[in-house]
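> Below you'll find the structure I mean.
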Amino acid sequence: MILVLKNLLLLFVLLVSCNGEHKKIYLVLLEGDPIAFHHVKTISQEGNKLDPNSETSKAYANELTKSHDEFLQSYMERGSYDKIYSFKHIINGVAVHTTPSQIEKLKNAPRVKLLEEDRRVKQMTTYTPQFLGIPAVWTQGGGDKNAGEGIVIGFIDSGINPDHPSFAYDPTTNNSLTDSFSGACEEGPLFPQTSCNGKIVSARFFSAGAQTSTTLNDSMDILSPFDAVGHGSHVASTAAGNFGVPVVVNGLYYGRASGMAPRARIAVYKAIYPSIGTLSDVLAAIDQAVLDGVDILTLSVGPEEPPEDKLTFLGLFEIFMLAAHKAGTLVVQAAGNEGPSPYSVISYSPWAVGVASCDTDRTYPATLILGNGLKIAGVGLSGATVGDGLMIQYNKLVLAKDAIKINTTLTRIAINNAEECQYPQAFDPLVVQDCVVICTFSAGFYNGTSTLTAIIQTASILRFKAFVFVANPPYGDFIAEPIPFATPAIMIPATTDTQNILQYYEKETVRDTNGLVVRYGGRAAISEGRNASYKGRAPIVSRFSSRGPDYIDQSKNPTDVLKPDILAPGHQIWAAWSPMSVLDPILSGHNFALMSGTSMATPHIAGVAAMIKQYNPSWTPSMIASAISTTASTYDNLGEPIMAHGFDLYTLRTSAPFGFGAGLVNPSGALHPGLVFSAGTFYFHFHIHISESSCLLIISNKIVESNDKINKSRLIYLTGYEDYISFLCSLPNIDSTIVKTATGGICGQLFENPSDLNLPSITITSLNGSRIVHRTVRNVESKAESYLSAVMPPKGVTVDIEPSWFIIAPQGTQDLHITFNVTQALDDFTFGEIVLTGSLNHVVKMPLSIFPISTT
């Protein structure tokens, strides 16, 4: 009987395992307007904020939630699914956790517009204000105490450290936020209600996707807006951190840190956790942030790969960003960290600003000094090896693998990794104590099982005087970033330098006939590595920064959009951190960190955009993006074209728009760009007078009366939305029903080519013979100005502009017709630039990226 029961139980388990399905999260876009665009009165193409607290909005929100529940109940089996989100603010849809067989029932169901499996998302991980000339911008806006005042920047990231001085509220300043922003403070572990202090004006967290996808770790996946990682705090303080906060790490003062817009307010939307990040949580955060009324939305996070089986522009992540733009929110997005390979950008759409990363001219040089006087440059934020008199002291130099215990009982793995200094028990403590120990990059670091943290622990336990982490010729050079070391330390990332060190070491070391060391004769010292140097070429496009061209599908077919859009500092950026630092133990206990990534570049642009919005409150997202682009610089501090790090480590090559977009952001110039290219042909200045019985709309000096009472915050002006739909509908071989299904937009008047979208750049991925491209500029200054055009044509192409010069009145527009003719077919893109020079010293630049296929 027992045997029979066991067999039946085994059969049951086998049946369950064979027939059972693994549940996944699916994102479902449904027909019907979301709250933001429900019964919208479209006056022009501008963006105003929604009032989420109106009775009409609340009632419609309840109606949408009920309709979502009824829809799922109608097509899916009871108990077979869990609805984890209702998207209803800028997108109408749901996130549902269910099996593949159940989701099949929704694919052809009425009301379903788009269905997509959830994807993983990841983070794109003091001096930059001066490097970008920000103090001059602060002066125009009333000083650092006022820069960004009244603007709310939203951050979708890993949360925030509310106790950090970069986020402290200054009670002596006025809170000038308007009624258009309405956030909330969601308290939880390590995040009390008082964390929303006036500087942090809203804080929410989204975890349904994460909790559904995996078992969270309570010790680090904290269910509150608190940042256990540090990434979110770093990003927020770079954009909007307080002015002049002292940066102190390991007791050393590194200077003062300031955000780009230090008086801007911060709205936090935690959607990334140490264990996991899901697209569903990020989309829910975008939905809420736009409803709350953020002016700028910062996305230093994004999907790990483009969507399957659809255009890059029509993935749900892109559609949510389009909806945010439609509602009047500027979206600033990291371009990605997969450089320097071409076609590596993960920012695809023209309605989001994709940010690339560059180095500044600040470095932290450190030096290893050998006993023979040879000096070898390296990297490491640490103090020098000093003696009692605080003079640099030379100590015995020991190669780690020469200090292994004889007859040790350690495992083979520990012995093999001893040269990497991972296991303190592997060494003879009498040999390594008070010595400079050489640790070597080897197999463990190559496959990711060895860490610098372990070296630091070994050095501390065995009381190294210092350690030197060197490259290993069989593995090649490695990339070294400055890390704060409590123990004197230096990284030597070049194998040629390693060979010089080892040559000296072997010359000074005496071995017996068995190769064992009997005398260590080498000596070495490490110089101070924490003093900043401001020399050399900058900017340089960071090696990791993702490159264009932009592409339309997973096959990476290029498309007529320039990506990235703009370049900003993202390499070795000091900013706020979380002392928990659960993913980076080296930084545990620190309030500041020196980090690199397009994640660090993105908030620079968000902060600059906040100041532009403060200075020009009526400007649309497209106008702000245009001003940032057309005023950027393509030259470095030596007056030469911007360079980029190449595939080979520590090599430079001339960069191009696919590396830096329009160029390095110029904040001061972006406040007064002269002309803007704005998606959406018409732009009206308007004044609204609201009374109890009527609404008077004054548009272009014409008064339109309405007998309906209108809430000003319910007036949504669609910022270039129709132009973006025309762009999508003009893509090669596009099915208009796909565009309508994904966006709700109708393919009406099409562009002759996608390159006719009114962007501040021109990209043509396949130029056969000739093409005329159309652009419209608007004078956003207060005086009339005459402009003269000049062209630096791409190789193999002639460029003619009509008219070649023009006079444009304040708020006037001018159409430009730009003719491209192929004179030589090439096998790759070639680059140029159009420059419009104004009589009042405005200079408007437009990058050209052209692939000349044939002359006919």
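Bear in mind these aren't lab numbers, they're just calculated from the coordinates by the rules spelled out. What you are looking at is a predicted structure, and each value in this text was computed from that prediction instead of being measured. For neighbour counting, all protein chains shown are included, and Cβ atoms are generated from backbone atoms with ideal geometry for every residue, glycine included.
> Kirkwood hydrodynamic radius, the range 321-369, all distinct C-alpha pairs: what's the number in Å?
On the way: mean 1/r = 0.0739 Å⁻¹.
For the range 321-369, the Kirkwood estimate is 13.5 Å.
> What is the dipole size for the range 471-617, taken about its Cα centre, with +1 at each Lys and Arg Cβ and -1 at each Asp and Glu Cβ, in debye to the nearest 20?
300 debye
> Net charge near Gly607, counting Lys/Arg +1 and Asp/Glu -1 over other residues with Cβ under 11 Å of its Cβ?
+2
> Still on this structure, I have one more. Principal axes first, then extents: for the Cα atoms of the range 176-268, list largest minus smallest coordinate on each axis, whole Å, largest first.
The Cα atoms of the range 176-268 stretch 42, 42, 21 Å along their principal axes.
> Once you have all Cα-Cα distances for the range 548-685, histogram them in 5 Å bins from zero and send the whole-percent values.
2, 9, 13, 17, 17, 15, 12, 10, 4, 1, 0
> Let me ask something else. Enter the per residue convex hull volume of the range 630-684, computed from alpha-carbon coordinates, in Å³ rounded to the nearest integer.
Dividing the Cα hull volume of the range 630-684 by its residue count gives 110 Å³.
> Rounded, prolate or oblate, given the Cα gyration tensor of the range 301-458, with a/c below 1.5 counting as rounded?
Because a/c hits 1.5 or more and a/b exceeds b/c, the range 301-458 counts as prolate.
> Let me know the volume per residue of the alpha-carbon convex hull for the range 737-779, in Å³.
128 Å³
> Along the charge dipole of the chain, Cβ charges K/R +1 and D/E -1, which of Ala679, Tyr26, Ser57 sits furthest on the positive end?
Tyr26
> Sticking with this one: Rounded to whole Hz and in sequence order, give me ³J(HN,Hα) for the range 247-254 from the Karplus expression 6.51 cos²θ - 1.76 cosθ + 1.60, θ = phi - 60°, writing x for Gly and Pro.
For the range 247-254, the Karplus-derived couplings read 9, 10, 9, 6, x, 9, 8, 9 Hz, x marking Gly and Pro.
> If packing is taken as the average number of other Cβ atoms within 10 Å across a peptide's residues, how do 735-748, 666-679 rank, most packed first?
666-679, 735-748
> So, one more: Helix-only estimate, please: 222 nm mean residue ellipticity of the chain, summing -39500 (n - 2.57) across DSSP H runs of length 4 or more and dividing by its residues, to the nearest 500.
On the way: 20 runs with 192 residues, N = 856.
After summing the helix terms and dividing by residue count, I get -6500 deg cm²/dmol.
> Rounding to the nearest 20 debye, state how big the charge dipole of the range 558-679 is about its Cα centre with +1 on each Lys and Arg Cβ and -1 on each Asp and Glu Cβ.
My answer is approximately 240 debye.
> Ranking request for peptides 589-599, 328-338: highest mean number of other beta-carbon atoms within 10 Å first, then the rest in descending order.
328-338, 589-599
> Oh, and also: Determine the sum of side-chain charges near Pro484: Lys and Arg each +1, Asp and Glu each -1, restricted to other residues whose C-beta is under 14 angstrom from that of Pro484. Could the numbers behind the result be given before it?
Working: positive: Arg530; negative: Glu481, Glu528, Asp584.
With Lys, Arg at +1 and Asp, Glu at -1, the neighbours total -2.
> Output ³J(HN,Hα) for the range 221-235: one whole-Hz value per residue in order, computed from phi by the Karplus curve 6.51 cos²θ - 1.76 cosθ + 1.60 with θ = phi - 60°, and x for Gly and Pro.
For the range 221-235, the Karplus curve yields 8, 7, 8, 6, x, 5, 9, 8, 9, x, 4, x, 5, 4, 5 Hz.
> If we sort 650-659, 779-788 on the protection proxy, mean other Cβ atoms within 10 Å, highest first, what's the order?
Those peptides, ordered most packed to least, come out 650-659, 779-788.
> Once a ≥ b ≥ c are taken as the square roots of the eigenvalues of the Cα gyration tensor of the chain, is the result rounded (a/c under 1.5), prolate (a/b larger than b/c) or oblate (a/b not larger than b/c)?
prolate
> Quick one: grab the alpha carbon gyration tensor of the range 297-349, order the square roots of its eigenvalues as a ≥ b ≥ c, and give me rounded if a/c is under 1.5, else prolate or oblate depending on whether a/b is larger than b/c.
In terms of gyration-tensor shape, oblate.
> Exceeding 21 Å between C-alpha atoms, which entries from my cross-link table qualify? They are Lys375/Lys465; Lys199/Lys270; Lys83/Lys107; Lys105/Lys556. Write down the numbers at each step before the final one.
On the way: Lys375/Lys465 18 Å; Lys199/Lys270 17 Å; Lys83/Lys107 17 Å; Lys105/Lys556 31 Å.
Listed pairs above 21 Å: Lys105/Lys556.
> Further, regarding this structure: Among Gly646, Ala403, Gly663, whose Cα projects farthest towards the positive end of the dipole of the chain, with charges put on the beta-carbon of Lys, Arg (+1) and Asp, Glu (-1)?
Result: Ala403.
> Less than 14 Å Cβ to Cβ from Ala632, Lys/Arg counted +1 and Asp/Glu -1: what total charge do the surrounding residues give?
Taking every Cβ under 14 Å from that of Ala632, the sum is -2.
> Cross-link partners among aspartates and glutamates for Lys507, C-alpha distance below 16 Å, same-chain residues fewer than 8 apart left out?
Cα-Cα hits under 16 Å: Asp402, Asp497.
> Another question, then. Once Lys and Arg get +1 and Asp and Glu get -1 on their Cβ, which of Ser101, Cys439, Gly183 lies farthest toward the positive end of the dipole of the chain?
Cys439
> So how strong a dipole does the chain carry about its Cα centre when Lys and Arg Cβ are +1 and Asp and Glu Cβ are -1, to the nearest 20 debye?
Using only the charged Cβ atoms, the result is roughly 1040 debye.
> Calculate the all-directions average of the projected area of the range 282-371's alpha-carbon convex hull, and give it in nm².
Quarter of the Cα hull surface area: 9.2 nm².
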